[in-house]
Amino acid sequence: MNRALALWHSSIGKHAVMAVTGVIMVLYLITHVVANLLIFQGPSGINAYSRFLHGTGGALWIARLVLLVAVVLHIMAAVQLTNRRRAARPVGYAAGRQPQVSTLASRTIRWGGALILVFLIYHILHFTLGTVHASFVEGDPYHNVATGFRNPLVVVFYEIAMAAVGLHLYHGIWSSGRTLGVSTPSPRPLRRQLALALGVLVWLGFAVIPLAVFAGMVPA
Amino acid sequence: MNLTLHVWRQAGPDAPGRMVRYEAADISPDMSFLEMLDVVNERLMQTGDSPIAFDHDCREGICGSCSLMINGVAHGPNPGTATCQLHMRSFADGDEIHIEPWRARAFPVVRDLVVDRAALDRIIAAGGFVSAATGSAPDGNATLIPKDTVDTAMDAAQCIGCGACVAACPNGSASLFTAAKITHLGLLPQGQPERLQRARRMVERMDIEGFGGCTLYGECQEACPKMISIDTITRMNRDFLRASMTPVRAAVAESD
Ligand code: FES
């Protein structure tokens, strides 16, 4: 217990927590994006998957609980590390610090994360609880998705958020391996193929659906 | 060449500081950056002004004293080059050059461009050494170490402790500095007995000194005059996490 606390107090420990919870969320996102594509099979595919998930009873809630804990720990660590970062450089550079090699993804990791949190809340209200959905039908995800992207503003918001998720994963997946010390040494350590592939696949998989629905390719 | 300098002037640790503009005329492109400042200082003293204080010692890129943020880039525009090895031919006639000290809470400004980097010494003192007395230099091949291990350890051992990694890091992290020493000693047989506790103590000290955490921007590697790889940070993280899984008492008993 003391050791776990000591780990949590250290900056590397907090980053390790972010990496582990991040990996959990990435694994979930991969199942999420694959399941989403069932929408193109018509109502039978995705609704059957939904019934299967709800039929697992406790398992669904255990998965939800694990994800909730992962999200909370990820955000707690992020906020505390951001505070340490602010404290670490109270006086900045008059000429500005000029980034040399850092990627856009790494520089937007915090604000992108905040945007993703806002999106996550909206997304749950939209498709899980139906609170902000115009014609939500419990237990009929096909209908909910097919009718959920009529408002172009909603589509745009989803597209922006999915781009943010892609960028977040591009830096997050790569840096997790290094934070946890499992990446192998490389002559070009900034190169990141696995993270690029996963980031792009997850982004495209999610991004295609609101556009397809808006374009009328998913008949209600 | 004629240049316009904007230099951070600060009379003392608690005095307020500001950027001051100087015209630097007739600068030879063959001067090093520090020689250019020497010339500016000589002229300042002739007019009765106080010279710009900056750190320097070896002026051949090996001591890590020089430490200038030049136009927002640690050690200026050339990769793998300390400020003292940067030459004015890397600039163009008429350039404006902003010169600032390293910025970090753990590096308080002493005067003008000089900062106190003792925090880095305290990180080393926390465990960046082998505590066993080893006598005089051993026979060259008495301990056999694979070539690639030696090379990787040597690459990390090149750290001159200048603090550019901290200055360039958006998080103000000293991870590259700390990781270089952990990697250097952690790869060699002499460093094995204290490897895990070294990682734990040095990382703890790094946090206590008020440096930020590492989000792997990679800016440190680019700023480092010795081009030390962020691979060392991966090694530090691995050793630190392993140390955190190891019971404290056992780890301390190893050498205390
Ligand atoms: S003065 Fe020694 S490294 Fe620059």
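Before moving on, here are some points about what is shown:
- Shielded residues, the range B:227-241 - accessible-area loss of 40 Å² or more between chain alone and all protein chains, probe 1.4 Å: B:I230, B:D231, B:T234, B:N237, B:R238, B:F240, B:L241
- The residue list B:G172, B:S244, B:V203 was ranked by how far each Cα lies along the charge dipole of the range B:153-256 toward its positive end, using unit charges on Cβ atoms, and B:S244 comes out on top.
- Built amide H within the under 5 Å cut-off of A:D140, gap 5+: none
- DSSP loop trypsin sites (Lys or Arg not before Pro) with at most 16 other Cβ within 10 Å excluded, longest remaining stretch of chain A: A:1-149
- Delta accessible area of at least 10 Å² on complex formation, residues of the range B:70-98, 1.4 Å probe, chain isolated as reference: B:N71, B:G72, B:V73, B:H98
- Between 0 and 90°, nearest 10: helix B:33-46 axis offset from chain B longest Cα axis: 50 degrees
- Around the amide H of B:V73, modelled in the peptide plane, lie the amide H atoms of A:Q98, all under 5 Å away and 5 or more residues distant in sequence or on another chain.
- Estimated 222 nm signal from helices in chain B, with DSSP H stretches of n ≥ 4 weighted -39500 (n - 2.57), rounded to 500: -10500 deg cm²/dmol
- In the elastic network of chain A, a GNM with C-alpha springs shorter than 10 Å, the most mobile of A:A95, A:A77, A:A146 is A:A95.
- Computed from Cα positions, the angle between helix B:175-187 and the longest principal axis of chain B comes to roughly 40 degrees.
- If you take all other residues with their beta carbon under 13 Å from the beta carbon of B:E96, and give Lys and Arg +1 and Asp and Glu -1, the sum is -2.
- Placing a pseudo-label 7 Å from each Cα along the Cα-to-Cβ vector at A:L27 and B:R59 gives an inter-label distance of 6.0 nm.
- Across the range B:110-126, rounded Karplus estimates of 3J(HN,Hα) from the backbone phi angles (6.51 cos²θ - 1.76 cosθ + 1.60, θ = phi - 60°) give 8, 6, 6, 9, 8, 10, 8, 9, 4, 4, 5, 4, 5, 5, 5, 4, 6 Hz, Gly and Pro being marked x.
- Chain B - percent relative contact order, Cα under 8 Å, separation 6 or more: 19 percent
- Within the accessible area of the range A:1-56, the carbon and sulfur atoms contribute 72%, probe 1.4 Å, all protein chains present.
- All aspartates and glutamates inside 20 Å of A:K14 as judged from Cα atoms, apart from same-chain residues fewer than 8 positions distant: B:E204, B:D207, B:E209, B:D231, B:D239
- Euclidean distance of C-alpha centroids, the range A:23-47 and the range A:164-220, integer Å: 16 Å
- Helix B:147-157 axis, angle to chain B major axis (alpha carbon atoms, nearest 10°): 50 degrees
- Interface burial for A against B (accessible surface, 1.4 Å probe, total of both chains, Å², rounded to 100): 3800 Å²
- Loop-resident chymotrypsin sites (Phe, Trp or Tyr not before Pro) (DSSP state other than H, G, I, E or B) in the range B:67-138 with no more than 16 further Cβ atoms inside 10 Å of their Cβ: B:F129.
- In nm, spacing of pseudo-spin labels at A:Y122 and B:I124 (7 Å Cα→C-beta vector): 5.2 nm
- Axial C-alpha extent at least 30 Å, average Kyte-Doolittle at least 1.0 - helices from chain A (DSSP): A:11-36, A:58-88, A:193-214
- Euclidean distance of C-alpha centroids, the range B:96-134 and the range A:62-121, integer Å: 27 Å
- Solvent-accessible area per residue, Å², over the protein assembly as shown with all protein chains present [probe radius 1.4 Å]: 48 Å²
- At least 30 Å² of accessible area lost relative to the chain alone, listed for the range A:1-37 with a 1.4 Å probe: A:R3, A:L7, A:S10, A:S11, A:I12, A:H15
- Inter-label distance for A:A59 and A:L129, nm, one decimal - labels placed 7 Å from Cα along Cα-to-Cβ: 2.7 nm
- Share of carbon and sulfur in the accessible heavy-atom surface of the range B:118-253 [1.4 Å probe, %]: 57 percent
- Stretched out straight at 0.36 nm per residue, the stretch from B:A25 to B:E42 would grow longer than its current Cα-Cα span by 4.9 nm.
- Residue-count net charge about A:Q80 - beta-carbon cut-off 13 Å; Lys, Arg +1, Asp, Glu -1: +4
- Distant-in-sequence amide H partners of B:D95 (H built 1.01 Å from N, under 5 Å): B:T4
The values are calculated or read from the model by the stated rules, or taken from the named source; none is laboratory data. Quick caveat, the model's predicted, so the values are computed rather than measured. Virtual Cβ from ideal backbone geometry, glycine too; neighbours counted across all protein chains shown. Accessible surface areas use protein heavy atoms only, side chains included; no ligands, DNA or RNA. Shrake-Rupley method; radii C 1.70, N 1.55, O 1.52, S 1.80 Å.
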